[in-house]
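The values are calculated or read from the model by the stated rules, or taken from the named source; none is laboratory data. All figures in this text were calculated on a predicted structure; none of them were measured in a lab. Neighbour counts are summed over all protein chains in view; Cβ atoms, including those assigned to glycine, are modelled from backbone coordinates with ideal geometry. Accessible surface is based on the protein model in full, side chains and every heavy atom, while ligands, DNA and RNA are left aside. Shrake-Rupley method; radii C 1.70, N 1.55, O 1.52, S 1.80 Å.
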Amino acid sequence: MAPKAKSRTSVGAKRKHEDEKNVSSSESGSGSELSEYDHDNSDDGYDHLPSGSKNTKKTNGDVSPAKGKAKTKSKQQEAKSKVQDSPKNNRKKSQDSPKSNKKSKTSPADIIPRIKSTNPKALLEYLLSDEALDYANPAPERGYGEVDWSKHTSPSDPKTAPTPLPKPTASKKEKAEAEDTHPAILPEGYIRYPHSDMTPFQILTSSLLLSKPLSHKLGIRTISTLLNPPFEFGKFDVLVKADEERIREGLWKARTQHKEKTSVQLLELAQGVRGLNGEGEEDSLGGIKRAIEGLGNDEEKAQKRVGDMLSTIKGIGPIGVSIFLRRIQLQWNEVYPYVDQRCLSAAKSIGLVDDKAGAKEMAKLVKDDSKQLVKLLDTLIGLDLEKKLDDVVERYT
């Protein structure tokens, strides 16, 4: 029984550290290693050490140590206190303090000052180019060696920073399989996010995947793997017939993270979409589209209604809704113009628009062209998440 208890404690500590790591990453500001802002769903399904764990040491007040030992202990505590109160240690302590890691309600672009462009017109022209879109959203790399970050943590010391293991050398078989999933030359019809035209259901599926705590590149690769052959989970009829094992197989092919939870959420996504739309209109999300028609050109009301309906689906939270609205406005005029807070904050911080600007001002930048607005937002968010935005702005300063 004792070894089993030790194992449970180790797993709990390891998973506890993974949660702490995810929170820390989400607060790193612009260029976060997470997908967009923080990830949806505060309940990650991870276990934590119980408050009454045996690892927690308690002092018994009824036991009095010997006088000699008490003096020695007192001197040790005094010396330890001096070390802890030193200026150097206090600086470190303030950095590690939970208060310093408290989540801010403001967008990362509001927290970290950026360089403002002195030539915003030329900067905008570049941001609307295909070159910028490619630079912000690089083609998915073929993966055949990645594993979950949680396997790199130390259960015996939860404070140890996770260190990725070197990617193993791929075998010929693994390279061949990776070539099938992510070919060097993309075939006609290959779905590449965010470059390709997508159905509303494919956009919603991508939004769910991007709202998870994954890096931007890993999120794009997961979308490419799941939406293209041989899986094609971007087609409702395919996803609704798939079982959890088949979805998990696709997630393993993508070499992504959080496979167990994501596979369940994809199954729930299919059932949620079926409940919101009529038979045969799941790929177009026709039921949701009808619900926002006839609202008198009130885009904010339409955006809210879409958000309320999508939020009934497990796995789709505020961030997933934002990603969906950002992309679907190209097809659904009722929600145009829509600019999520992170993109708007980034645009303000680099001087594209003034501090009082909103979605309508962003739309005016591209002469009310919805296709250009979506392209601008996809480029801005990609550059921000890839930590490339400041480098681009410097070229036009």
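Quick one: dipole size for the range 298-397, taken about the Cα centre, charges +1 on Lys/Arg Cβ and -1 on Asp/Glu Cβ, in debye to the nearest 20.
Approximately 200 debye in magnitude.
Taking square-rooted eigenvalues a ≥ b ≥ c of the alpha carbon gyration tensor, is the range 191-253 rounded, prolate or oblate, where a/c under 1.5 means rounded and, failing that, a/b exceeding b/c means prolate?
Verdict is oblate for the range 191-253.
Taking the Cα centroid of the range 195-247 and of the range 347-397, what is the distance between the two, rounded to the nearest whole Å?
The two parts, judged by their Cα centres, are 26 Å apart.
In the range 226-267, if the dipole is taken from +1 on Lys/Arg beta carbons and -1 on Asp/Glu beta carbons about the Cα centre, which of VAL240, PRO230, HIS258 is farthest to the positive end?
Most positive-ward Cα: HIS258.
Considering only DSSP states other than H, G, I, E and B, which chymotrypsin sites (Phe, Trp or Tyr not before Pro) in the range 181-262 qualify as loop sites with at most 16 other Cβ atoms within 10 Å?
TYR190
Any idea what the dipole of the range 215-296 comes to, in debye rounded to 20, about its Cα centre with Lys/Arg Cβ at +1 and Asp/Glu Cβ at -1?
480 debye
Residues of the range 242-379: accessible area per residue at 1.4 Å, in Å²? Before the final figure, lay out each step's value.
Values: 6070 Å² over 138 residues.
Per residue, the range 242-379 has 44 Å² of solvent-accessible surface.
Rounded to the nearest 10 Å², what accessible area does GLU260 have for a 1.4 Å probe in the complete protein model?
Counting only protein heavy atoms, GLU260 exposes about 100 Å² to solvent.
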